[in-house]
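So the structure is just underneath, and the comments pick up after that.
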Amino acid sequence: MSNDIKNVELRNLEIEDYQELKSAMLKAYNNWQESYWREHEIQTLLNIFPMGQIAVLVDGIIVGCALSIIVKYELFSDEHSYDEITGNSTFSTHNPKGDVLYGIDMFIHPEYRGLRLGRRLYDARKELCEQLNLKAIVFGGRMPKYHNYSKEMTPKEYLQKVKTKELYDPTLTFQLSNDFHVKKVLTGYLSGDQESKEYAVLMQWDNINYTKKTKELKQQKSVIRLGLVQWQMRLYSTSEDMYEQIEYFVDAVSAYKSDFILFPEFFNAPLMAKYNHLSEPDAIRKLAEYTEDIRDRFIQLAISYNVNIITGSMPLIKNDKLYNVGFLCRRNGTYDSYEKIHVTPDEIKAWGLSGSDMLKVYETDCGKIGILICYDVEFPELPRILADQGMNILFVPFLTDTQNGYSRVRYCARARAIENECFVAIAGSVGNLPKVHNMNIQYAQSAVFTPCDFAFPTNGVKTEATPNTEMILVSDVDLDLLSELHTYGSVRNLKDRRTDVFDLKLK
């Protein structure tokens, strides 16, 4: 299914979505054919709390949703039934001045399960809870597999076995994996729920940023999690072996709930081994034949694992010229390309690589980013132009063979972070490729660099990998710190530029 998906979108539900919503509900609750939400009930929810009704669409079709209300929780406490908390599904219990976001339903069409769409809905609820400055998210979680064990164990015993993974429950297991903690088991929670024997597990997620004083709503998150892949060059029997390694890293980084994953420059070079009998220019042009398929695979992984992927770089032939290109594959299914502008003397001599003239800032769900491939970061004009366009994070996939080459990339990247008041993430490959000409050895130490001021590490290094070791590096960067730096920094490299003396523009 995921291989056919072109776009995933999260947005607020609208009444015009009802027929698609009903169709997805009937599929999701196939054992409860009469227990779907009626149109007037959805209309009521949209009237009283439109922000709380969140839909997930795949290729423009509603495939799931999360419905919620706000309640003053002290009026109900931990002892309540579903009918009580929802006012017998009239939602008269909704209180805009309440302190808890109460989840009244969440479902995914069965044909679209396994794509982590439910996680997106839960994450959207958490963001809404933070935006509205509510104390917590609370809901009663069903136990749909409990009826299979009800004669041999109590609900508490069943819950404990699910928590220790001795048993699998599709609902409880999923909720526990999304950072909700158990408060208690409720008796007689949902009338008619024979699968759960009318029991439910009261679940809660606490908003650690909650304050009694209402905070200004934020349109996007400020703390961004970066995942960097320090890739081990190794020979592959088939391209599928390489794809398996790619998905392994995407899965690992996604498990840490990263917003971005960065791969290195020419990480797919091992595929040239089967063409080592050809000349170097012919071999890399054979490698270029894989690029579009690799791009399409990355797009599907970005959707499936809910992470923005920066694909490093690969060779691509356009108009009979060979370019070094990469792709930003967003988790909503869209993508952009970026290209290397400056090519090294060796890349020209060995491969006949051409330089591009593409330079732009990319919009993402985490703000504006820039991407420069390896050598390009050694030219300060390029990041400065991107910074002028609002870039906050610069990603640099690189490939260097010696420590000398690596040092050029590293120290230039550190300088770019300081002079442009941004974060810079670099990721490279390690290891040897004895059967690929012009790719014999690699040296790398992936890292995240910061400006140098009081809110940042004194040496401007947020985190760095172990040199020449295959690993992933996960690091959080706070964009709010950049905003403070721009205005209140000890020095302000962007604001204090003497544009009356000099200027910089893109031709």
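Only the coordinates and a few stated rules stand behind these numbers; no lab work does. What you see is a predicted model, and the numbers here were worked out from it, not measured in a lab. A quick note on method: Cβ atoms are made from the backbone with ideal geometry, for glycine too, and the neighbour counts reach across all protein chains shown.
Judged by the ratio a/c of the largest to the smallest principal axis of the C-alpha gyration tensor, the stretch 265-375 counts as oblate, that ratio being 1.5 or greater while a/b is no larger than b/c. Using Cβ point charges alone (K and R +1, D and E -1), the dipole size of the stretch 72-147 about the Cα centre works out to roughly 400 debye. Distant-in-sequence amide contacts of K462, defined by a placed amide H-H separation under 5 Å and a gap of 5 or more residues or a different chain, comprise V448, F449, T450.
Under a Cβ-Cβ cut-off of 11 Å, what is the net charge of the residues other than A455 that fall near it, where Lys and Arg count +1 and Asp and Glu count -1? If you can, show how the numbers build up before the last one.
Details: positive: none; negative: D453, D478, D480, E484.
Its environment carries a net charge of -4.
Pairs over the 20 Å Cα-Cα cut-off, from the set K27/K151; K274/K318; K274/K435; K27/K257: K27/K151; K274/K318; K27/K257. Distance between the 7 Å Cα→Cβ label points at Q19 and R497: 5.4 nm. Taking amide H as placed 1.01 Å from N in the peptide plane, I104 has its amide H under 5 Å from the amide H of L67, S68, I69, each at least 5 places away in sequence or on another chain. Placing +1 on the Cβ of every Lys and Arg and -1 on the Cβ of every Asp and Glu, with no other charges, gives the chain a dipole of roughly 700 debye about its Cα centre. Only helices reaching 18 angstrom along their own axis (Cα) with mean Kyte-Doolittle hydropathy no lower than 0.5 count here, and not one DSSP H run of the chain does. Ordering P315, Q442, T164 by Cα displacement along the dipole of the chain toward the positive end leaves Q442 in first place; charges were set at the Cβ atoms of Lys, Arg (+1) and Asp, Glu (-1).
When shorter helices are ignored and each DSSP H run of at least 4 residues is given -39500 (n - 2.57), the per-residue value for the chain at 222 nm works out to -8000 deg cm²/dmol.
Dipole of the stretch 117-223 computed with +1 at Lys/Arg Cβ and -1 at Asp/Glu Cβ about the Cα centre; of L190, C129, P144, farthest Cα towards the positive end is C129. First check a/c for the stretch 223-488, with a ≥ b ≥ c the square roots of the eigenvalues of its C-alpha gyration tensor; if it is under 1.5, answer rounded, and if not, answer prolate when a/b is larger than b/c or oblate otherwise. Judged from the Cα gyration tensor, the stretch 223-488 comes out prolate (a/c at least 1.5, a/b above b/c).
Order these peptides, 64-72, 309-317, 271-279, by their mean beta-carbon neighbour count within 10 angstrom, highest first. Before the final figure, lay out the partial values.
Details: 64-72: 23.1, 309-317: 25.1, 271-279: 16.1.
Packing proxy ranking, top to bottom: 309-317, 64-72, 271-279.
Note on the chain: dipole from Cβ charges, positive end direction compared against L57, F423, T344; the farthest Cα belongs to F423.
With K and R counted +1 and D and E -1, the other residues having a Cβ less than 15 Å from that of H94 yield a net charge of -3.
The spacing between the stretch 343-357 and the stretch 305-326, judged by their C-alpha centroids, is 15 Å.
Here the 3J(HN,Hα) profile of the stretch 107-114, calculated from phi with Karplus coefficients 6.51, -1.76 and 1.60 at θ = phi - 60°, is 8, 10, 3, x, 6, 10, 7, x Hz, Gly and Pro shown as x.
Karplus-based coupling profile of the stretch 260-268, in residue order and whole Hz: 9, 10, 10, 9, x, 5, 6, 5, 8, with θ = phi - 60° in 6.51 cos²θ - 1.76 cosθ + 1.60 and x standing for Gly or Pro. Distances between placed amide hydrogens fall under 5 Å for S337 paired with L328, all partners being 5 or more residues away or on another chain.
Karplus-derived 3J(HN,Hα) values for the stretch 81-95, using 6.51 cos²θ - 1.76 cosθ + 1.60 with θ = phi - 60°, are 10, 5, 5, 5, 6, 9, x, 6, 6, 8, 6, 5, 7, 4, 9 Hz; glycine and proline are entered as x.
Find out how many positive minus negative residues lie around F398, taking Lys and Arg as positive, Asp and Glu as negative, among other residues whose Cβ is under 12 Å from that of F398. Don't skip to the end; give the middle numbers.
On the way: positive: K340, R408, R410; negative: E265, D376, E378, D401.
My count for the surroundings of F398 gives -1.
Candidate cross-link partners of K286 among the aspartates and glutamates, defined by an alpha-carbon separation under 14 Å and a same-chain spacing of 8 or more, comprise D320.
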